[in-house]
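The values are calculated or read from the model by the stated rules, or taken from the named source; none is laboratory data. Quick caveat: nothing in here was measured; it's all calculated off a predicted structure. Here the Cβ positions follow ideal geometry from the backbone for every residue, glycine too, while neighbour counts run over all protein chains shown.
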Amino acid sequence: MMSNKRKNSTMRSLVLGILTLVLGGLLLSGLQGLFFKKEKQPILNENPVTSKPIIKIESQLISRSVILGPNPGGVWAAKPLAKDRFLWHQLVIHIQNDCTKPVYIDARKFHLYLTSNQKILGEENFSPTSKGIEFQTKRLSSQWLEPGMNISGNLFFKVPEFKLSNGLDVNKAYHILRYSRGLNCQIKYAPF
């Protein structure tokens, strides 16, 4: 049988051992941040931020031609052998309405900018032509575009054949399409 002193000593050792383990665990968990990086837990938001509604406008130059329409009955950009020759620059345009409201797309409000860089400030621009409209079977039509819907079509721009008025070489220029103001939704352009 154990004596009282020995029981008290064993009990004290047991309590001290438990306290040492608890305090050691607390101390280690506090120091863990110094030695080990904790993963941040994501903060869940009841109202997550969604992307802004936008109109996506994508364009691509698909041809440069002397005649708009069937050859030779179409519309010439410039008479053969003229000094100030022009070409028809044909762009295919795709528009996606990711806004919450319908928007009216007016094909006449597009402008083609030719630039040496990807900025259009003060650069020469061209409006789409209505000449030879009977030959433009896939022309982008002016229409209301409902949310979630998209349209595609072509527009033709009459552009100098070689050099712009500022001396820029047309063959080396960026072709940047922009829509003039009037849409009630933010516009995102591609490729620029």
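Listing for the model above:
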quantity: Residues of the range 108-151 classified as within 22 Å of the chain's Cα centre (by Cα) and on the phi > 0 side of the Ramachandran plot, total; calculated: 1
quantity: Count of the range 65-108 residues which are part of a loop (DSSP other than H, G, I, E, B), out of contact with any Gly (no Cβ under 8 Å at 6 or more places or on another chain) and touching a residue at least 40 places away in the same chain (Cβ under 8 Å); calculated: 9
quantity: Strands (runs of 3 or more DSSP E) completely within the range 139-192 that count 2 or more residues being of a type in the set (A, V, I, L, M), assigned by TED's automatic domain parsing to the domain that holds THR115 and under 20 Å from GLU124 (Cβ atoms); calculated: 150-160, 174-179
quantity: Residue under evaluation LYS109, criteria (1) over 26 Å from TYR174 (Cβ atoms); (2) surrounded by 11 or more Cβ atoms within 10 Å (Cβ to Cβ); (3) at pLDDT 85 or above, criterion not met; calculated: (1)
quantity: Candidate set from the range 113-128 (those that are among the hydroxyl-bearing types (Ser, Thr, Tyr) and assigned to a loop (DSSP other than H, G, I, E, B)); member that is nearest to TRP88 (Cα to Cα); calculated: SER127
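Yes/no matrix, rows are residues, columns are (1) touching a Lys or Arg at 6+ places or on another chain (Cβ under 9 Å); (2) at pLDDT 85 or above; (3) under 15 Å from HIS175 (Cα atoms):
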{"residue": "PRO72", "(1), (2), (3)": "no, no, no"}
{"residue": "ALA77", "(1), (2), (3)": "yes, no, no"}
{"residue": "PRO80", "(1), (2), (3)": "no, no, no"}
{"residue": "ASN97", "(1), (2), (3)": "yes, yes, no"}
{"residue": "PRO102", "(1), (2), (3)": "no, yes, no"}
{"residue": "GLN118", "(1), (2), (3)": "no, no, yes"}
{"residue": "GLY122", "(1), (2), (3)": "no, no, yes"}
{"residue": "LEU140", "(1), (2), (3)": "no, yes, no"}
{"residue": "VAL159", "(1), (2), (3)": "yes, yes, yes"}
